[in-house]
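Reading through the structure tokens given below for one structure.
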Amino acid sequence: MKELGVLGRTIRPLSRRSRFRLERLRVDPLAYALVARIARMRRVSLRDVMQGTRGTGSAAQTRQLAMYLVHVLLSRPQDVVGELFGRDRTTVSHACAQIELLRDEDPLLGAEVARIEGEGWGQLLGARLELSDVA
């Protein structure tokens, strides 16, 4: 009997590599929370965002958006973002360029990015840095 998830979809077991990618992202709790938020918002599974292959168009664009926002909002260098997602720095650079281009061309994507930016992820980072200075 197949196990069904929350949306009635069959739950696929995670491959070893996919588990490794998710664990690598969890090393950075703030980045993990942001990526999970973006995946939920776009109704794409976190598994699909973190998979090693390109995946569907929506998963690929969600991954690009997540990489862009982790870089921009959380001030993570592109090589660090690449490590978190199991990708090369040049892939992150391409993702950032794509989202910047699409953001200018697509008002819906621009509004989506502005909404996420307005959620205060940058302020969360600042608060964490201040707390670490105190400790």
Got the relative contact order for the range 64-124 handy, in percent, Cα pairs under 8 Å and 6 or more residues apart?
33
Please compute the Cα-Cα pair-distance distribution of the range 16-134 with 5 Å bins starting at 0, giving whole percents from short to long.
2, 12, 22, 26, 21, 11, 5, 2, 0
May I ask you to derive the relative contact order of the range 16-134, considering only C-alpha pairs under 8 Å and at least 6 residues apart, and to give it as an integer percent?
21
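Every read-out reported here was derived from the displayed coordinates using simple, explicitly stated rules and does not represent laboratory data. What you are looking at is a predicted structure, and each value in this text was computed from that prediction instead of being measured.
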